Amino acid sequence: MAARDSLPNILLIIADQMTPFMLGACGYPGARTHHIAALADRAVNFTNAYTPSPICVPARSCLMTGLLTSTTGCYDNGDPYPSFIPTFAHYLTNAGYDTVLSGKMHFIGADQLHGYRRRLNTDIYPSGFLWSYPLLPDDDPGAMAFDFAPQYQAGNIGPGWTAELQYDEETQFRSLEYLRHVPKDRPWMLTVSFTNPHPPYVVPRKYWEMYKDADLPLPYYPDDMDEKYSDFDRAFIRWYGLDRKSIRDPEHLIAMRRGFAALAHYVDDKVGELMDVLDEQGLRDDTIVILTSDHGEMLGEKGLIQKRSLYEWSARIPLIVAMPGGRRADVSTPVSLLDLPATFLDLTGQEPARPMEGRSLMPALRGEALEEVPVIGEYHGEGIMRPSFMVRKGPWKYIYCHRSAPQLFNIEDDPGEWHNRAGDPAVAGIEADLNAVITGGRFDLEAIEAEVWARLPQKAVVNAAMAANATAWDYRVEDDGTRKYVRK
């Protein structure tokens with residue numbers, strides 16, 4: 001293990017549902033994210049970074065453990081993962097770090113720390129098994145899980161204030177105060193996790209007005225778009241209610257993208273404040289700063305909204321790693337959020353107690369070439385309830401939904417993912433190789449599907465009992481007013 005006094009501090013900043021395709025800092029028109037851009041100018045920018053699962057809880061379980069969702073069994077937003085699985089917070093604690101979390105990590109179940117020494121605030125979302133759902137019944141065409149579509153319609157988007165904004169204000173305040181009082185006798189690891197720019201797209205007025213006349217990119221809709229939908233796509237069109245409430249009108253598309261850009265700008269200002277306090281406290285030269293997201297957001301691309309999709313706007317994330325004294329470097333080799341825990345262990349000279357399924361990014365951070373490996377994303381939960389995967393390797397991306405026709409795209413030639421090459425004899429070898437990553441024995445597809453379904457009735461029993469007992473696992477923050485401010 002590296003000597004403790006030689007270990008850098010780590011500041012991990014997470015923004016929820018922040019697709020890179022609307023961030024100026026990532027090279028795209030949209031949000032004017034100047035502070036993130038300044039960070040990127042002294043960082044390694046992984047320009048093809050992916051979420052291991054395009055939904056909050058599973059993605060964050062992968063981030064914490066370095067393991068795929070099919071390994072931990074964390075499939076949807078109502079799933080825990082076992083507390084005996086070490087997380088990067090456990091490893092960093094054992095390396096001598098003060099590990100602290102401010103903001104959202106969406107832990108489900110009784111363990112609301114998963115290796116962190118403490119949390120500075122509670123989570124924004126409930127910790128119970130509430131958000132697990134079966135498929136919509138075939139004989140009820142009006143059924144839906146949530147009425148998602150209104151969040152993406154112009155009448156519900158605009159200036160205002162929300163619990164989500166209130167939460168991020170608290171998260172930021174507590175993060176800044178921690179940075180002003182970091183321990184002097186050991187390295188620290190602070191995770192700052194904002195819930196924005198996740199919808200609802202209700203925005204502080206000053207940020208909303210910043211984008212009043214902004215030239216925001218709108219999605220391209222080919223005439224045959226509906227014919228190109230996969231079974232997976234059609235399942236989620238119904239799940240979100242998009243078969244009943246349209247979001248394709250330019251009025252809605254402009255509003256949702258204006259709202260997203262404004263909220264991303266709001267988060268960008270929070271990043272700037274964090275960087276300012278690092279400078280004020282003389283911490284920049286000893287601190288690694290990482291900025292990322294748990295997953296992306298479709299924002300009307302292909303007529304779709306939300307996440308859960310394995311298409312690029314939902315599956316791609318920003319991943320920016322600024323080492324002390326670093327210079328800008330862009331790395332196009334596909335990587336995963338899953339790689340961060342292995343990177344932390346490599347940085348601190350530790351061996352994992354069980355093999356991780358991500359790989360260390362330290363070679364790229366040292367300026368060396370990064371090996372090309374298949375990058376895997378998974379989604380098996382609500383809305384589809386059967387094994388679904390993506391594999392990205394080189395320019396090729398393969399999407400597999402169990403018992404449905406696959407999709408194969410060349411992302412470099414076809415970034416919009418419009419031309420499905422699956423079944424094309426000219427690329428049959430590539431398709432076979434990527435298919436084998438999923439169906440070649442690594443994943444027990446039938447077992448995954450069976451487990452997803454078997455959990456639902458068990459969770460229903462626990463949910464009912466906890467409701468009857470009025471119990472919850474939500475994190476309680478210690479706040480002793482008799483020891484705060486001036487008491488001597």
Based on DSSP H runs of at least 4 residues, each adding -39500 (n - 2.57), what is the mean residue ellipticity at 222 nm of the chain after dividing by all its residues, to the nearest 500 deg cm²/dmol? -9000 deg cm²/dmol
Roughly how big is the chain's charge dipole about its Cα centre, with Cβ charges of +1 (Lys, Arg) and -1 (Asp, Glu), in debye to the nearest 20? 1340 debye
Interchain or long-range residues, amide H under 5 Å from M189's placed H: I10, D98, T99, V100
Roughly how large, in nm² to one decimal, is the mean projection of the convex hull of the alpha-carbon atoms in region 275-318? 4.1 nm²
Looking at G128, L101, L67, which one has the Cα that reaches farthest to the positive end of the dipole of the chain (charges on Cβ: Lys, Arg +1; Asp, Glu -1)? L101
Local electrostatic count at G24 - Lys and Arg +1, Asp and Glu -1, tallied over other residues with Cβ under 14 Å: -2
Relative to the chain, whose Cα atoms define the longest principal axis, helix 250-280 and its Cα axis are tilted in degrees, nearest 10, by 20 degrees
Size of the dipole of region 1-129 about the Cα centre, Lys and Arg at +1 and Asp and Glu at -1 on the beta carbon, nothing else charged, in debye to 20? 240 debye
Portion, in percent, of the accessible area of region 215-279 that falls on carbon or sulfur, probe 1.4 Å: 47 percent
Taking θ = phi - 60°, what integer Hz values does the Karplus form 6.51 cos²θ - 1.76 cosθ + 1.60 yield along region 182-197, in sequence order, with x for Gly and Pro? 5, x, 9, 9, 7, x, 10, 10, 10, 9, 10, 10, 8, 8, 7, x
Alpha carbon convex hull of region 70-193, projected area averaged over orientations, nm²: 10.7 nm²
Taking R0 as 22 Å, what's the FRET efficiency between S332 and D41 from their Cβ-Cβ distance, rounded to 0.05? 0.80
In what sequence, highest mean first, do 34-41, 176-183 appear when ranked by Cβ atoms within 10 angstrom? 34-41, 176-183
Sort out for me the Cα centre separation of region 331-360 from region 79-133, rounded to whole Å. 19 Å
Once the dipole of the chain is set up from charges on Cβ (+1 Lys and Arg, -1 Asp and Glu), the residue from the list V289, F344, T482 lying farthest towards its positive end is T482
Where region 174-288 is the region considered: accessible area per residue in Å², 1.4 Å probe: 43 Å²
Of the accessible area of region 368-488, computed with a 1.4 Å probe and all protein chains kept, carbon and sulfur make up a percent value of 54 percent
Computed over the chain: longest principal axis from alpha-carbon atoms vs helix 339-348 long axis, angle to nearest 10 degrees, is 20 degrees
How much area per residue is accessible in region 69-153 when the probe is 1.4 Å and only protein heavy atoms are counted (Å²)? 33 Å²
In whole Hz and in residue order, list the ³J(HN,Hα) couplings for region 120-132 that follow from phi through the Karplus curve 6.51 cos²θ - 1.76 cosθ + 1.60, θ = phi - 60°; x for Gly and Pro. 8, 8, 7, 7, 6, 10, x, 9, x, 8, 6, 9, 10
In degrees, nearest ten, helix 163-180 long axis to first principal axis of the chain (Cα): 30 degrees
I'd like the Karplus ³J(HN,Hα) series for region 447-459: coefficients 6.51, -1.76, 1.60, θ = phi - 60°, whole numbers in Hz, and an x wherever there's a Gly or Pro. 5, 4, 4, 4, 5, 4, 6, 5, 6, 4, x, 5, 5
Going by average Cβ density within 10 Å per residue, which order do the peptides 186-193, 325-332, 143-150 take, highest to lowest? 186-193, 143-150, 325-332
If R₀ is 60 angstrom, what is the calculated FRET efficiency for the pair K228 and R118, using the beta carbon separation as r and rounding to 0.05? 0.80
Determine the sum of side-chain charges near I10: Lys and Arg each +1, Asp and Glu each -1, restricted to other residues whose C-beta is under 11 angstrom from that of I10. -2
Heavy atoms only, probe 1.4 Å: what % of the accessible area of region 295-358 goes to carbon and sulfur, would you let me know? 46 percent
Value of relative contact order over region 278-329, rounded to a whole percent, pairs C-alpha under 8 Å and six or more apart: 41 percent
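The values are calculated or read from the model by the stated rules, or taken from the named source; none is laboratory data. What you see is a predicted model, and the numbers here were worked out from it, not measured in a lab. Cβ sites come from the backbone with ideal geometry, for glycine too, and all protein chains shown count toward neighbours. When the accessible area is computed, the model is the full protein with side chains, heavy atoms only, and any ligands, DNA or RNA have been set aside. Shrake-Rupley method; radii C 1.70, N 1.55, O 1.52, S 1.80 Å.
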